[in-house]
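Undergrad: Here it is, the structure, as structure tokens.
The values are calculated or read from the model by the stated rules, or taken from the named source; none is laboratory data. Everything numeric in this text was worked out from a predicted model, so none of it was measured. Cβ placement follows ideal geometry from the backbone for every residue including glycine, while neighbour counts extend to all protein chains displayed.
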Amino acid sequence: MSSIAAQLILNGVIAGAIYTLVASGFSLIYNVTKFMHFAHGAILAIGAYLFYAFFGLGWAVALPVSIILTSILGALTNFLVYRPLRKRKASSAVLLISSLAAMIFLNATLLAFWGADVKTLPHANPIFDVGIASITATQIAIVAVALLLLLGLTLLMKKTRLGKAMRALADNKDVAQTVGINPERIYTVAFLIGSALAAVAGILIGLEQNLNPVMGIQLVINGFAGAVIGGMTSVPGAILGSLLLGLVENIGIWWLPSGYKGAIAFALLFLFLLFRPQGILGKKQREA
Amino acid sequence: MKKTYALFLTLALLLAACSSGPLSGTPHGSGTLVIGGMYPLTGDGAAYGIPIQHATDIAIKELNDAGGIGGKDLKIVWEDSKCDAKDGATAAQKLTGVDNVKVILGGICSGETLAAAPITEEAGVILLSPSSTNPKITDAGDFVFRTAPSDAYGGKVAAEYARKQGYKTVSIIAENSDYAQGLRTVFRDSFKALGGSIANEQTFDPDASDFKTIVLKVVDIYPDAVYLAPQTPAKGVLLLKQLREQGYKGPIVTAEVLIGRDVIKEHPDLVEGIAGVEVHFDETNPKAKKLFDEYRSLYNEDPPFPAYMAAAYDNVNLIADAIGANDGEIDADQIKDYLYHVKDYDGALGKLTFDQNGDPILDFDVKKVIGGNLVVLG
């Protein structure tokens, strides 16, 4: 039984790490631009498909090429879809709807190019049995990358000039501009980094769960839930929230029927919205 | 200026509406006969929908090349029902309400068919499925037919096989869809009736892709065998992979999804040793052979779901025969009566007869993957 408990917790951590991969880029972009970029899910799927497309050339080529191309595509989405809307002083609601439209458009593009059938990335994936639980090489990579993201993004936001500029912009756009921060430039950088993270997420999730054109939709919903639980205003918070979500979901269905998995996730989200709307690490929003 | 523009726009819209009328409606007295088709053409369910659509198209082309029905070509208006009840209902609404068809081929997944049935029944439109196997379809309506046998038998055959192997306890993992849940109930009830016991039953949502803890609950009990009922190969493969990764090495019994020819070809090691239940079907009969040869030459692959594809091929010909018997006029009531009187129709699927519920009278085979090949156990 103890080995089952260990495996159960490990499964929760792996699920949480997957949500983390999605939530990190999503919440980074949200933090800077202050709107929900749901097309992040489609960008993630494109990252996975680009990796699939270049897979034949070996990892050393496929990995950087797909990440760089996805990163550029994310910035391009910002440039072509969101920037013109911002110029017209569109509200966050308009940007949110346009992100849904962008998501549908990008998903349909994937469908047109690669078709609807599921693609697999054949790779050696040894199972490591550590006595009380077993984990595959891909799953180790997922958890490791999630932890690196937690560390890296915390450092980025707190220690670097760029992170400080991002936070300043998020805090008060007008004041940030008066001290010489160019919002559009920072937005572009946020989309470049966030979309590169989406590509990493898409590739790892593609290796673990295979590829389909709409793979990003459910992921971005779970990543969003994780981000809200952890605190939308804090990137490390979003990562912690995602881990918590994965753990609670998996441990929850140990006792509850497995069909309740989605219900558990949203019950947790609901509880947080009721009792701690700012999330685990988020700061209380001041009334505007 | 603005007024002129608005007027122009209204006129343009009117013109568009008029000109599209004859295209979308049933063309009376023209050179084509239009029927509807609703298959899953995108998403995980497209793994069935697309090959079955190809088989349907082959039948249509053969028919039209041979002169059509009394000189008129048969044409299908396609809708994507996405292996989903909601989209199945939308597709049926569109085909009956906008395109005014009197016959719809489909759906493929049971959920689509069950959601479409009340709509087509109300409209008095024939719904003819090549592959929906949920037991509830038997009573779904007078105009509802299928050329795939009900899982009321398929699930029972699997349970009988499992008991014959000496399995006393079985866990069930089933997708939350009409097809898979139908199988789950039939298998559970039959297995219990035969003296076996069900260790636990797990259900997962169609959009899930992490099954680790679900399968861990099965590994924890470690039953004699596991019965898997996924709706699509995509989820089935992922489920089976995670079941093995989490440490279950015991026997697997399933329905037809995981013994699909594509699945065996792409994941031979993963599906090795699993036993599935599929409709009894002689793939070497002349009509089936001709269909599959044509399919191979057109699409460069072996037919992934031969029985369903043969059924879809037969469905086109059955409908064409019915329309032909009515001097080339499409009349749903006449087609309904015609289908109920079909007896020992010699099709690609074999000899076909419908019972009083519009279900075909067909048998099932248990097949096992041995050395990467599918072997019939009888």
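Undergrad: So which residues in segment A:65-108 are outside any helix (DSSP H, G or I), of a type outside the set (A, V, I, L, M) and at negative phi, if there are any at all?
TA: The answer is A:88, A:91.
This table checks each residue for (1) within 20 Å of residue A:163 (Cβ to Cβ); (2) at pLDDT 90 or above; (3) within 14 Å of another protein chain (Cβ to nearest Cβ).
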position	(1), (2), (3)
A:224	no, yes, no
A:234	yes, no, no
A:247	no, yes, yes
A:284	no, no, no
A:288	no, no, no
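Undergrad: A further question on this structure: Here's a check for you: in segment B:209-231, which residue that is within 9 Å of another protein chain (Cβ to nearest Cβ) and out of contact with any strand residue (DSSP E or B) (no Cβ under 8 Å at 6 or more places or on another chain) is farthest from residue A:129 (Cα to Cα)?
TA: Across segment B:209-231, the extreme among qualifying residues is B:209.
Undergrad: Among the residues of segment B:325-373, write down those that are touching a helix residue (DSSP H, G or I) at 6+ places or on another chain (Cβ under 7 Å), in contact (Cβ under 8 Å) with a residue 60 or more places away in the chain and surrounded by fewer than 16 Cβ atoms within 10 Å (Cβ to Cβ).
TA: Within segment B:325-373, just B:372 meets the criteria.
Undergrad: Of everything in segment B:232-245 that's facing another protein chain (nearest Cβ under 10 Å) and not aliphatic (A, V, I, L, M), which residue is nearest to residue A:136 (Cα to Cα)?
TA: The selected residue is B:245.
Undergrad: So in segment B:180-208, with the set limited to residues that are facing chain A (nearest Cβ under 10 Å) and of a type in the set (D, E, K, R), which one is farthest from the chain's Cα centre (by Cα)?
TA: For segment B:180-208, the residue satisfying everything is B:201.
Undergrad: Right, residue A:219: within 14 Å of another protein chain (Cβ to nearest Cβ), within 28 Å of residue A:118 (Cβ to Cβ), assigned to a helix (DSSP H, G or I) and of a type in the set (A, V, I, L, M, F, W, C) or not?
TA: yes
Undergrad: Same structure again: State whether the residues of segment A:48-55 include one that is within 14 Å of another protein chain (Cβ to nearest Cβ) and either surrounded by 18 or more Cβ atoms within 10 Å (Cβ to Cβ) or in contact with a helix residue (DSSP H, G or I) (Cβ under 6 Å, 6 or more places away or on another chain) (or both).
TA: Scanning segment A:48-55, I find at least one residue that is within 14 Å of another protein chain (Cβ to nearest Cβ) and either surrounded by 18 or more Cβ atoms within 10 Å (Cβ to Cβ) or in contact with a helix residue (DSSP H, G or I) (Cβ under 6 Å, 6 or more places away or on another chain) (or both), so the answer is yes.
Undergrad: Taking segment B:130-167 as the search range and keeping residues that are of a type in the set (S, T, N, Q) and part of a loop (DSSP other than H, G, I, E, B), which one is nearest to residue B:225 (Cα to Cα)?
TA: B:165
Undergrad: Then there's this: Residue check: is residue A:188 modelled with pLDDT of 90 or more and under 16 Å from residue A:75 (Cβ atoms)?
TA: yes
Undergrad: Which one is farthest from the other protein chains (Cβ to nearest Cβ), of the residues in segment B:246-269 that are farther than 21 Å from residue B:221 by Cα and among the charged types (D, E, K, R)?
TA: Selected residue: B:256.
Undergrad: Somewhere in segment B:157-179, is a residue more than 21 Å from residue B:251 (Cβ to Cβ), within 14 Å of chain A (Cβ to nearest Cβ) and out of contact with any Asp or Glu (no Cβ under 7 Å at 6 or more places or on another chain)?
TA: Yes, segment B:157-179 contains at least one residue that is more than 21 Å from residue B:251 (Cβ to Cβ), within 14 Å of chain A (Cβ to nearest Cβ) and out of contact with any Asp or Glu (no Cβ under 7 Å at 6 or more places or on another chain).
Undergrad: Does at least one position in segment B:132-154 carry a residue that is small (Gly, Ala, Ser) and touching a Cys at 6+ places or on another chain (Cβ under 8 Å)?
TA: Yes, there is a match, as at least one residue in segment B:132-154 is small (Gly, Ala, Ser) and touching a Cys at 6+ places or on another chain (Cβ under 8 Å).
Undergrad: Sticking with this structure for a sec: Return only the number of the condition from (1) modelled with pLDDT of 95 or more; (2) over 18 Å from residue B:34 (Cβ atoms) that residue B:285 does not satisfy.
TA: (1)
Undergrad: Now for a separate question. Does residue A:72 fit the bill of being surrounded by fewer than 17 Cβ atoms within 10 Å (Cβ to Cβ) and either of a type in the set (Asp, Glu) or within 14 Å of chain B (Cβ to nearest Cβ) (or both)?
TA: no
Undergrad: Anything in segment B:41-90 that is in a loop (DSSP other than H, G, I, E, B), away from chain A (no Cβ under 14 Å) and touching a residue at least 40 places away in the same chain (Cβ under 8 Å)? List them, or say none.
TA: Once the filter is applied, which keeps residues that are in a loop (DSSP other than H, G, I, E, B), away from chain A (no Cβ under 14 Å) and touching a residue at least 40 places away in the same chain (Cβ under 8 Å), segment B:41-90 yields B:70, B:71.
Undergrad: Kindly provide the set of residues from segment A:109-148 that are closer than 23 Å to residue A:15 by Cβ, at pLDDT 90 or above and either away from chain B (no Cβ under 14 Å) or outside any strand (DSSP E or B) (or both), ordered by number.
TA: Within segment A:109-148, A:137, A:138, A:139, A:140, A:141, A:142, A:143, A:144, A:145, A:146, A:147, A:148 meet the criteria.
Undergrad: Right, something else. Could you tell me whether residue B:266 is surrounded by 15 or more Cβ atoms within 10 Å (Cβ to Cβ) and more than 17 Å from the chain's Cα centre (by Cα)?
TA: Considered against the rule, which asks whether it is surrounded by 15 or more Cβ atoms within 10 Å (Cβ to Cβ) and more than 17 Å from the chain's Cα centre (by Cα), residue B:266 comes out as yes.
Undergrad: Just wondering, is there one or more residues in segment B:270-288 that are within 13 Å of chain A (Cβ to nearest Cβ) and either at negative phi or surrounded by fewer than 20 Cβ atoms within 10 Å (Cβ to Cβ) (or both)?
TA: yes
Undergrad: Residues of segment A:1-29 being over 21 Å from residue A:268 (Cα atoms) and away from chain B (no Cβ under 11 Å), which ones?
TA: A:2, A:25, A:28, A:29
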